[in-house]
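Student: The structure's right below; bear with me while I get my questions together.
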Amino acid sequence: MIKLMSLVPISKFINEQPEWWTDMSVAQQNQYLATYEKSKHKVVPDNPSGKEERDDIAKQRKHDYSNAPHESEPGFGDSESGYDVNAWNEHYVKRDENGSATIGTPHSENNEQAQEFVENNVIPEVDKVMDEAEAQGKEVVFLGEGGQGDGHNYYPGTEQEMVGQHVSDRGGTVDTWDGEYSNHWEDDAPIYDDMDEKTGGKYSKSQLKGALYANMVGQGDDPEDAMDYLDKDGEQFLRDNGYDGELPPQTDEDKEKLYHLAYPNDSGGKAEEGPISECQEAYNASRRDNLCKKKKEYENGDPPKVVIVAPGATHAYDLEC
């Protein structure tokens, strides 16, 4: 199952990484204060840690990895702390000139609060897009996240199914933006070639698979099943880059170790950026690039279609196509 890059509550992130605020540029600080009006922070132009400002890091990654993730992503909350609809509207809902829409969403599988957010916010936004398209006589297609292709456009019980069924019920069509391209279970999946290019050919396919194992199992994939694509070289790659747990992991603690290696910015200092997180960023950037490609194919098709995508929040925040 292909999943999103997780968000971390802003308050937790600031408490655990006190330099977070001063590592931001003045523009980013102003953006944060505009979004979170009750914040006690004030604009601080100095950068006492001496680290490169985060907006410069993000720009460099944009150059290297196309739609690579922003470290300064504001977030809009989660099911535990609650969702900030204003922040969601400002940063995660985007409309194109041709009527297409990118609508960021929390993944809602087995999560009642997230499903309520989708029902109360994402679905009504989908209706706005479809109303406008129908008024203009345009066809609508929804591209689901995580589908394997050949009619498998999303996983049952997810927010992608909720949106996909809604679009279908209203007369739209449904496809997926992942499909065979992103199916990391297959050795010849095109995404491996793209990841290889984005990381400059530094990693073997086995090592890329090792990083994906950390990424996916760390987010909840079955550790035993995922061993199907993890070979000995991939296991060694995990060992060489900080993983000291069992393979496959038998405890939640070991799964968390894998997650932190893939997403060190969510780890509260438990892990640092390294080869595993670099491969994870390349993977997510490759998926977003493929989303852009699929989206443009429909928008430029005959007839041109209005495209709706509702990707995991980070994908939506970063998407520029």
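Laboratory data are not the source of any read-out in this text; all were calculated from the coordinates shown. Since the model is a prediction, treat every value here as computed from it, not as a measurement. Glycine gets a Cβ as well: all are built from the backbone with ideal geometry, and neighbour counts include every protein chain shown.
Student: For a protection proxy built on the mean count of beta-carbon atoms within 10 angstrom, sort 194-207, 163-176 highest first, please.
Tutor: Top to bottom by mean Cβ count within 10 Å: 163-176, 194-207.
Student: Still on this structure, I have one more. Report the convex hull volume per residue for region 280-321, counting only C-alpha atoms, in Å³.
Tutor: Enclosed volume per residue, from the Cα hull, is 56 Å³.
Student: What are the principal axis extents of the Cα atoms in region 81-141, in Å, biggest first?
Tutor: In descending order, the Cα extents are 40, 22, 14 Å.
Student: Let me ask something else. Using only the Cα atoms, what convex hull volume per residue in Å³ does region 79-209 have?
Tutor: 156
Student: Separate question: Take peptides 258-268, 106-116 and line them up by average Cβ neighbours within 10 Å, highest first, as a rough protection proxy.
Tutor: Those peptides, ordered most packed to least, come out 258-268, 106-116.
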